[in-house]
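The values are calculated or read from the model by the stated rules, or taken from the named source; none is laboratory data. What you see is a predicted model; the values in this text were computed from it and never measured. With ideal geometry, Cβ positions are generated from the backbone for all residues, glycine too; neighbour counts draw on all protein chains shown.
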Amino acid sequence: MSGEIFYENIDKLDAMLDSRQISAVELATVFIDRKNAVDSKVGAFISSNEEELLANAEKSDKRRANGGKLSELDGIPVGLKDLLAVRGQKLTCASRMLENYVSPYTGTAMQKLEGAGALFWGRLNMDEFAMGSSCENSALQKTRNPWDLSRIPGGSSGGSAAAVSAGECAVSLGSDTGGSIRQPASLCGVVGMKPTYGLVSRFGLAAFASSLDQIGPFARSVKDAAIVLKHIAGYDRLDSTSVNVKIEDYPSKLSADSLKGKKIGVPKEYFASEGIDPEVRQIVEAAIKKCGELGAEIVEVSLPHTDLAIPVYYIIATAEASSNLARYDGIRYTHRSDKAKDVIDVYFKSRAEGFGEEVKRRIILGSYVLSSGYYDAYYLRAQKVRTLIRTDFEKAFESVDAILAPTSPTTAFKAGEKTSDPLAMYLSDIFTINVNLAGLPAISVPCGFASDGMPVGLQMIGRAFDESNLLSYAYAYECACDWNKRNPQL
Ligand code: GLN
């Protein structure tokens, strides 16, 4: 075995496993060694279990040897954001509140991956309860950007992005409520996809804002993301918002010609935004031009309510969070204060000690917008504007097949740069949040590097449940460039 196997795509790894060039146990060892070599710097993993990985790899080897390979993911080590439930594994949400919580069951998406033969390898850092854009809200540890260790990896799924970028796992899962897959993917130079709301079951995903949360893949290529998505998507009766649509074989539908003759929209409001870094804008504009050269007709579209997305999101998401996080009460599976004098005190002290600042800020804000007297003025109003945002997209998609935009307004910023200014942090998601509010699928693909050496991502937004075409457009762009072939030097 030579070269940097930990930077290979699933296709290649699967072929190597098939031809016995490498065994699953050897492959697992490659990732264990890689993690041991770099994770003290990157800090992506909250926990990992080498013995279990090796034991499962051995089982995978037996399956392949007996001609019983479960799928192209059989024997491939996968990382999980630490809010996805796997039976018998800790699930911390990067919070003191759940530091010692162990899942009694495995969530649907993870069960499907397991059924496909994928090997759970480690649990990855995140902003506490998925609230943040830099991973700095984790109560447990810091994660750094593999391209520059003085910078953040993005958030909230920062560990999932950094682990794939640094070659510590082949693919990973994260969750995206307002940009938490796409933004860190963009900042770490990997592919990240948020599926249509309802495509992937949320059963076993610790809830932040239930009407926005979706599980999705991080990968080193569009095809790898398509492979993972194919396996995790599908109807699930355990999630009442799961939608029963036909799941296509995304990887086999990918075509390098797919942009030919397609009409692609560019929202004028996104590029008029003051917050966008001029260099990021220039790189994204060049990527859009490239799509034009690949045969797409580029047209301007308008999403007039774009500037309302952030305020609407921070009303709806915090309202839902205040309700979802009420279950962490110190009585059942969470941290319990040992300073409490009576039962009421248990609630107050446990929550005061267990939650971090940002989580508390959101619970307070969410409780406020839902409280009687303010509900109509804030929550109800935000729901109405959410409908306007969705209608903007519906109108745009009457004339275009996909929409192109930046993923993040800037490249990865320095650690500590925005921690004291929550509003500045919130603006990191200015281009991703409205996609969640509209429930649409979107993917971030690497599209260049800024002069500071940091990666930039192109966001492609699709029609609801049009993952197959969206992945194909992203693939066509990726085939014409080699941005995703570059790797950080660690
Ligand atoms: N950064 C956004 C927030 O802080 C989005 C988080 C997410 O998608 N989970 O809420």
_Restricting to segment 173-207, name every residue that is more than 8 Å from the chain's Cα centre (by Cα) and of a type in the set (Ser, Thr, Tyr)._
177, 186, 196, 197, 201
_The listed residue being within 30 Å of residue 448 (Cα to Cα) and either β-branched (Val, Ile, Thr) or within 15 Å of the ligand (Cβ to nearest atom) (or both), out of 343, 400_ = 400
*Look through 225, 256 and report the one residue that is aliphatic (A, V, I, L, M), away from the ligand (no atom under 16 Å from the Cβ) and surrounded by fewer than 21 Cβ atoms within 10 Å (Cβ to Cβ).*
256
*Name the pairs: first residue in segment 204-228 and closer than 19 Å to residue 459 by Cβ, second residue within 16 Å of the ligand (Cβ to nearest atom) and assigned to a loop (DSSP other than H, G, I, E, B), Cβ to Cβ under 6 Å, at least 6 apart or on different chains?*
212/177; 213/177; 213/202; 214/195; 214/197; 216/181; 216/195
*If you take the residues in segment 61-107 that are polar (S, T, N, Q) and out of contact with any Gly (no Cβ under 6 Å at 6 or more places or on another chain), which one is surrounded by the fewest Cβ atoms within 10 Å (Cβ to Cβ)?*
66
*Count of residues meeting criterion [surrounded by 14 or more Cβ atoms within 10 Å (Cβ to Cβ), of a type outside the set (D, E, K, R) and assigned to a helix (DSSP H, G or I)] in segment 272-281*: 1
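Rundown of residues vs (1) under 21 Å from residue 158 (Cβ atoms); (2) of a type in the set (Val, Ile, Thr); (3) touching a residue at least 60 places away in the same chain (Cβ under 8 Å), yes/no style:
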{"position": "4", "(1), (2), (3)": "no, no, yes"}
{"position": "11", "(1), (2), (3)": "no, no, yes"}
{"position": "18", "(1), (2), (3)": "no, no, no"}
{"position": "26", "(1), (2), (3)": "no, no, no"}
{"position": "33", "(1), (2), (3)": "no, no, no"}
{"position": "42", "(1), (2), (3)": "yes, yes, yes"}
{"position": "46", "(1), (2), (3)": "yes, yes, yes"}
*asked:* Being assigned to a helix (DSSP H, G or I), among the charged types (D, E, K, R) and more than 16 Å from the ligand (Cβ to nearest atom) is true for just one of 358, 269. Which residue is that?
replied: 269
*asked:* The conditions are (1) surrounded by 24 or more Cβ atoms within 10 Å (Cβ to Cβ); (2) more than 10 Å from the ligand (Cβ to nearest atom); (3) assigned to a helix (DSSP H, G or I), and residue 111 fails exactly one of them. Which is it?
replied: (1)
*Kindly indicate which of 75, 117, 88, 79 is assigned to a strand (DSSP E or B) and either over 26 Å from residue 155 (Cβ atoms) or at pLDDT 95 or above (or both).*
79
*asked:* residue 444 - would you say it is in contact (Cβ under 8 Å) with a residue 24 or more places away in the chain, touching a strand residue (DSSP E or B) at 6+ places or on another chain (Cβ under 9 Å), of a type in the set (S, T, N, Q) and within 15 Å of the ligand (Cβ to nearest atom)?
replied: yes
*Within segment 409-426, how many residues are within 12 Å of the ligand (Cβ to nearest atom) and buried (at least 19 other Cβ atoms within 10 Å of the Cβ)?*
2
*With respect to residue 102, determine if the residue is under 19 Å from residue 444 (Cα atoms) and more than 13 Å from the ligand (Cβ to nearest atom).*
no
_Condition first: of a type in the set (Ser, Thr, Tyr), part of a helix (DSSP H, G or I) and surrounded by 17 or more Cβ atoms within 10 Å (Cβ to Cβ). Can you find one or more residues in segment 327-335 that meet it?_
no
*For residue 303, which of the numbered conditions (1) under 25 Å from residue 104 (Cα atoms); (2) hydrophobic (A, V, I, L, M, F, W, C); (3) touching a residue at least 24 places away in the same chain (Cβ under 8 Å); (4) more than 16 Å from the ligand (Cβ to nearest atom) fails to hold?*
(1)
*Within segment 240-247, is even one residue touching a Ser or Thr at 6+ places or on another chain (Cβ under 8 Å), surrounded by 24 or more Cβ atoms within 10 Å (Cβ to Cβ) and in a loop (DSSP other than H, G, I, E, B)?*
no
*First in segment 176-202 and without any contact (Cβ under 8 Å) to a residue 60 or more places away in the chain, second anywhere and assigned to a helix (DSSP H, G or I) and of a type in the set (D, E, K, R), Cβ under 8 Å, 6 or more apart*: none
*Which listed residue is surrounded by 13 or more Cβ atoms within 10 Å (Cβ to Cβ), out of contact with any Asp or Glu (no Cβ under 9 Å at 6 or more places or on another chain), at pLDDT 95 or above and farther than 20 Å from residue 463 by Cα, from 294, 308*: 308
